[in-house]
Number of protein chains: 2
Amino acid sequence: MEEKTILDGQKVSKDVKENLKERVLKLSAQGVTPCLATILVGDDPSSATYVRMKGNACEKLGILSKRIHLDASISTETLIETIQDLNNDKNVHGILLQHPVPAHIDERKAFEAIDIEKDVDGVTSLGYGQTALGFGVYPSCTPAAIMEIIDFYDIPVEGKNAVVVGRSPILGKPVSALLLNRNATVTTCHSKTKDLSEHLSKADIVVAAVGKPNFIQGSWLKEGAVVLDAGYNPGNIGDAHYDSCYEKASAITPVPGGVGPVTISMLLKHTVASAEKTVQ
Amino acid sequence: MEEKTILDGQKVSKDVKENLKERVLKLSAQGVTPCLATILVGDDPSSATYVRMKGNACEKLGILSKRIHLDASISTETLIETIQDLNNDKNVHGILLQHPVPAHIDERKAFEAIDIEKDVDGVTSLGYGQTALGFGVYPSCTPAAIMEIIDFYDIPVEGKNAVVVGRSPILGKPVSALLLNRNATVTTCHSKTKDLSEHLSKADIVVAAVGKPNFIQGSWLKEGAVVLDAGYNPGNIGDAHYDSCYEKASAITPVPGGVGPVTISMLLKHTVASAEKTVQ
């Protein structure tokens, strides 16, 4: 049997955090405590959990977590005012607005209000554009995590066929852009794609970012493909059918313990990088 | 022999201009003359020709052409000040900085200085990001022209395999984004792509945007492909080898007379749209 690599997100994440710890200490010696502001609107339990996880991850590393919890009934305008206050707060280095916000709020407008310098979660169209054109500073965290895993495990990208399944603004689109900028030939597939398995059968690198549990089948893959599963469906289930994909792949991220933990580390990394800019 | 469609850019362009003429008259009745400012830096003869062509196309339609010619020796800062003056000029509705600028100037920084409201040439990263995320107002003109031709000739896009050869910030990347947003499955190829012909052999829609004369061979294409050639190489030669591609394709843009004339019309269209916003 061939050797398989389980792409261990916990390990990558630990490595990233070790590096960040030193940088936080150095900042501290210069009198700066990195600070991430998180905004939660309403009481969706999973959103609350995500925000809490992110806040806790910050604090464990010595990053200040400024947690703002707004009532579900607030208006887009009030949310934007809150964001603008954070934009103007010199002690805040990163702003995260937890997705999704209640339906009556214009989420896109709220995202766009985040200052590019503090858009550590990579949600603004300006941040997306800069990333896609090759000079972005804080790409969306899940795409950044995928690239971090690729780099940690020295997975070759240049000249490879990469197929991204999904085209959301914070996942499928930016990860397609990042892979393209690293010289992969990138195909972006989605719900309207005909014959997805045909595309996947040519892919050296597969990014699953579609939000459908166990959707990608091993039988669709090329022998030896690298599978990066950014899916995170209820019950800790990925977008790739793990067992069958594991059989075909040369390397694969598990769910949980793959892309997820690294995503949070990217948020921390971006927040620290933003804080570092204030002392340079 | 099968029927072939020559995708006639002159015809598409004429149609667009007819529509714009009425809109310019309407604006005029409201006391507004649309105005495009063009900035030419230095004396590159082809750049000078392009700028002149664009200016003349404006005037023919009743759009004011404000032509600014700067010395090749100016600094990035001076260029940016010029752009900012135009940003602040209420009578200017669109700003075009002719690419390329002399090597000592930071062209990207200059592009980024253009106000999004006046970025009718679609060169800013913010404009690119908005376009890619699906709410851009002025995509780059050549990608917009390609979509205009597709729409004029009712070429189906949804669910089709589109292969874009090239990944420049104002052509390959944005046209990939526009096709993806129209529900094509999009593969972006480039100089590091291995086996381009394999990708092209699956493509229903091919966009040639690579800047190499006669590069795309008909033998690489799928029978019945639609070929949109955005190449414009010295001697009026496209990126697709016309005769062999014509044989294979169901529809093809010639060079000259294909994408080129529509590109200029898109610039005019964006400028008029920007002027219309000032009276709404």
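Structure notes:
- The range B:102-117 residues that are away from chain A (no Cβ under 14 Å), paired with ones that are assigned to a helix (DSSP H, G or I) and charged (D, E, K, R) (beta carbon under 8 Å, 6 or more apart): B:117/B:277
- Condition check for residue B:171: over 24 Å from residue B:223 (Cβ atoms) and without any contact (Cβ under 8 Å) to a residue 24 or more places away in the chain: no
- Check on residue A:125, among the hydroxyl-bearing types (Ser, Thr, Tyr) and open to solvent by 20 Å² or more (accessible area, probe 1.4 Å): no
- Test: residue in the range A:140-150 that is out of contact with any Lys or Arg (no Cβ under 8 Å at 6 or more places or on another chain), open to solvent by 30 Å² or more (accessible area, probe 1.4 Å) and more than 21 Å from residue A:10 (Cα to Cα): no
- Selection status of residue A:225, open to solvent by less than 10 Å² (accessible area, probe 1.4 Å) and touching a residue at least 40 places away in the same chain (Cβ under 8 Å): no
- Condition met for residue B:155 (closer than 20 Å to residue B:76 by Cα and surrounded by 17 or more Cβ atoms within 10 Å (Cβ to Cβ)): no
- Within the range A:126-136, restricting attention to residues that are without any contact (Cβ under 8 Å) to a residue 40 or more places away in the chain and either among the basic types (Lys, Arg) or in a helix (DSSP H, G or I) (or both), the residue that is nearest to the other protein chains (Cβ to nearest Cβ) is A:129.
So that you can scan it fast, the table gives a plain yes or no per residue for (1) part of a loop (DSSP other than H, G, I, E, B); (2) in contact with a Cys (Cβ under 9 Å, 6 or more places away or on another chain):
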| site | (1), (2) |
| --- | --- |
| A:138 | yes, no |
| A:143 | no, no |
| A:148 | no, no |
| A:154 | yes, no |
| A:157 | yes, no |
| A:163 | no, yes |
| A:169 | yes, no |
| A:174 | no, no |
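- Of the residues making up the range B:29-59, those that are open to solvent by 40 Å² or more (accessible area, probe 1.4 Å) and within 16 Å of residue B:94 (Cβ to Cβ) are B:33, B:50, B:53, B:56, B:59.
- Counting only helices (runs of 4 or more DSSP H) that sit wholly inside the range B:180-280, those with at least 2 residues that are away from chain A (no Cβ under 14 Å) and hydroxyl-bearing (Ser, Thr, Tyr) are B:242-248, B:259-279.
- Scanning the range B:253-279 for residues that are within 19 Å of residue B:136 (Cα to Cα) and open to solvent by 20 Å² or more (accessible area, probe 1.4 Å) gives B:263, B:264, B:269, B:273, B:276, B:277, B:278.
- All of B:20, B:70 fail the test of being open to solvent by less than 80 Å² (accessible area, probe 1.4 Å), over 28 Å from residue B:256 (Cα atoms) and modelled with pLDDT of 95 or more, apart from B:70.
- Scanning the range A:89-122 for residues that are open to solvent by 10 Å² or more (accessible area, probe 1.4 Å) and in a helix (DSSP H, G or I) yields A:107, A:108, A:109, A:111, A:112, A:116, A:117, A:118.
- Selection over the range A:146-171 of residues that are touching a strand residue (DSSP E or B) at 6+ places or on another chain (Cβ under 8 Å) and within 14 Å of chain B (Cβ to nearest Cβ) gives a count of 10.
- In the set (1) open to solvent by 30 Å² or more (accessible area, probe 1.4 Å); (2) more than 8 Å from every other protein chain (Cβ to nearest Cβ); (3) closer than 18 Å to residue B:171 by Cα, residue A:174 fails one condition alone, (1).
- Residue A:139 vs. criteria within 25 Å of residue A:268 (Cα to Cα) and within 14 Å of chain B (Cβ to nearest Cβ): yes
To keep it simple, each residue is scored yes or no on (1) out of contact with any Pro (no Cβ under 9 Å at 6 or more places or on another chain); (2) assigned by TED's automatic domain parsing to the domain that holds residue B:154; (3) within 30 Å of residue B:26 (Cβ to Cβ); (4) at pLDDT 95 or above.
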residue: B:202; (1), (2), (3), (4): yes, yes, no, yes
residue: B:219; (1), (2), (3), (4): yes, yes, no, yes
residue: B:225; (1), (2), (3), (4): yes, yes, no, yes
residue: B:274; (1), (2), (3), (4): no, no, yes, yes
residue: B:277; (1), (2), (3), (4): yes, no, yes, yes
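- Among the conditions (1) open to solvent by less than 60 Å² (accessible area, probe 1.4 Å); (2) in contact with a Ser or Thr (Cβ under 7 Å, 6 or more places away or on another chain), the only one that residue A:248 does not satisfy is (2).
The values are calculated or read from the model by the stated rules, or taken from the named source; none is laboratory data. These numbers come from a predicted model, not from an experiment. Using ideal geometry, Cβ is built from the backbone for each residue, glycine included, and neighbour counts are taken over all protein chains shown. Note: areas computed on protein heavy atoms with side chains; ligands, DNA, RNA excluded. Shrake-Rupley method; radii C 1.70, N 1.55, O 1.52, S 1.80 Å.
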